[in-house]
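In what follows, a structure is listed as structure tokens, so that the remarks can point back to it.
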Amino acid sequence: MHKPHAALLSSPGLGHIIPVIELGKILALHYNFKVTILAVTSQTSQAESHVLKSAISSVNICDFLEIPPADLSGLLENEAAIVERLCVVMRETKVAVRSAISNMAHRPSVLIVDIFGSECLSVAQEFGMLKYIYVASNAWFFSLLLYSPILDKLVQGQFVDQKEALEIPGCSPVRPEDVVDPMLDRNNRQYQEYIGMGTGVVKGDGILVNTWEQLQHRDLQSLRDENLLGGMLKVPVYAIGPLVRAPEPPTSSTVELLGWLDQQPSESVVYVSFGSGGTLSYEQTVEVACGLELSQFRFVWVVRPPNGGRADSAFFSTGDGRGRENDDVSNYLPEGFKERTHKVGKLVPRWAAQATILRHPSVGGFVSHCGWSSVLEGITNGVPMICWPLYAEQRMNATLLAEELKVGVKPKVLPAKKVVGREEIARMLRHIMEGKPNPIRERARELKESAAMAMKIGGSSFTALDDVARQCKASGHHLLWAN
């Protein structure tokens, strides 16, 4: 008998590919699935290319099929926003996805797509496959996505101009300034694509969310309650997280950095990284440097060239994303900063082994852009955070961390609206790093334990994954008989 076969479809971008790879590894390792990862790539991001090559060489339990994006000439304007680009790419790639599945000798019994790939669910329908949508972010974000078509009809004018928070049945309301990027401007074409995503996510046989019951019980209950959001969704919701990437094999530069971390006191180092695609303005980069120096804490800072703080390099740019030995970060830091801080800080050009660094016992704080994968890496290692949202759903994530989960702090004014000054940066660093006991650090430890319990045998996420795997295997048997 064949193993059950799952096909996992990822849209372009590190924040989409990495969670899909981690889900594929779980299905292959723990449930004995044959897993084929269909990775639609941007063809321009070297960081994305590195992740795929690393996964192909090290994750020999999954098959990888790279699908180049379709020709988009004439379909997108040069200034098209990220969400519009991703939606169009995935829509135009459906033919290639269908061809790839059709040509498989052992056809999959289930197709799992991310939130940008819902239009490819019709391929699964055609071949009699189970179909799931994998939300690599959190349940509150997904609740807003699902309810957005209703808000589109209820709310007049721009969301960001509303005086009251946006109500979502059974969930925490969303402040206008925290809405996801596509909702910032209803006149932009990416807004209509986003509303289409909200209607498309109901087409699956189930929803997989990278969170866990104890972390977001209220949102998950609303998604299941037919009198709340469950009445719109009408399919099961499985909290299967936290799924986080394992540390990469160490490079020579990583070994050197870990050696330095080994010499630092426990929980004394702040790790600073704004993600694979996030960058700061020159002025903000200077203020971060001065804030670190003013705080006098040890630090590891992944420094990227300033260019305006957008995420485009993570999807459709030629940005490298990897460190280079000849990168001179001094070009965009205050004069003398590197020399003054060389004993207490490490400057890493462009890229660092984040999963490895956050696990190190000397790391006691994380300045993060609040991409959900980074958030989970922080939580699962019990590291309190300074929440520095830049794009996508990160403003919601920052509010969730700072106000509901109480595992982080955030600036008084969103970084996108004004430069955060060095004094405020130093104040936030002291907030998460000083004091014994420190309530934020204690809360981080609680959530670390909660996450571990969810993934243990008998835990809520383990049980949810078990249910999904059992359904997929049953579907596979039916498909074998049908063929």
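The values are calculated or read from the model by the stated rules, or taken from the named source; none is laboratory data. Since the model is a prediction, treat every value here as computed from it, not as a measurement. Cβ: placed from backbone, ideal geometry, glycine included. Neighbour counts: every protein chain shown. Remember, those area values only see protein heavy atoms, side chains included, never the ligands or the DNA or RNA. Shrake-Rupley method; radii C 1.70, N 1.55, O 1.52, S 1.80 Å.
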Tell me, yes or no, whether region 120-137 has at least one residue that is modelled with pLDDT of 95 or more and closer than 27 Å to P411 by Cα.
yes
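One line per residue, one yes/no per condition, for (1) open to solvent by 10 Å² or more (accessible area, probe 1.4 Å); (2) more than 29 Å from L414 (Cβ to Cβ):
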site: Q192; (1), (2): yes, no
site: V201; (1), (2): no, no
site: D205; (1), (2): yes, yes
site: R218; (1), (2): yes, no
site: S222; (1), (2): no, no
site: N227; (1), (2): yes, yes
site: T251; (1), (2): yes, yes
site: V270; (1), (2): no, no
Does region 105-115 hold any residues that are touching a Lys or Arg at 6+ places or on another chain (Cβ under 9 Å) and open to solvent by 10 Å² or more (accessible area, probe 1.4 Å), and which are they?
H106
Could you give every pair whose Cβ atoms fall below 8 Å, whose first residue belongs to region 461-483 and is modelled with pLDDT of 50 or more, and whose second residue is of a type in the set (K, R), counting only separations of at least 6 or pairs across chains?
F462/K456
On the basis of being over 26 Å from S461 (Cα atoms) and open to solvent by 10 Å² or more (accessible area, probe 1.4 Å), does D161 make the cut?
yes
Any hit, region 329-339, residues being among the polar types (S, T, N, Q) and within 30 Å of A139 (Cβ to Cβ):
no
For the condition in contact with a Gly (Cβ under 9 Å, 6 or more places away or on another chain) and either more than 25 Å from K94 (Cα to Cα) or not basic (K, R) (or both), what is the one hit in D219, D178, D205, D185?
D219
Kindly evaluate S118 against the criterion of being within 20 Å of L14 (Cα to Cα) and touching a Gly at 6+ places or on another chain (Cβ under 8 Å).
yes
Filter result for A55 (out of contact with any Cys (no Cβ under 7 Å at 6 or more places or on another chain) and at pLDDT 90 or above)
no
A careful count of residues in region 417-445 that are surrounded by 15 or more Cβ atoms within 10 Å (Cβ to Cβ) and either touching a Leu at 6+ places or on another chain (Cβ under 8 Å) or among the hydroxyl-bearing types (S, T, Y) (or both) gives 5
Counting only strands (runs of 3 or more DSSP E) entirely within region 345-410, those with at least 1 residues that are open to solvent by less than 20 Å² (accessible area, probe 1.4 Å) and either within 15 Å of W140 (Cα to Cα) or among the polar types (S, T, N, Q) (or both) are 363-368
Since A6 meets every condition but one in (1) in a strand (DSSP E or B); (2) modelled with pLDDT under 95; (3) not polar (S, T, N, Q), which condition does it not meet?
(2)
Suppose we filter S118, S143, S137, S122 for residues that are among the small types (G, A, S) and surrounded by fewer than 23 Cβ atoms within 10 Å (Cβ to Cβ); which single one remains?
S122
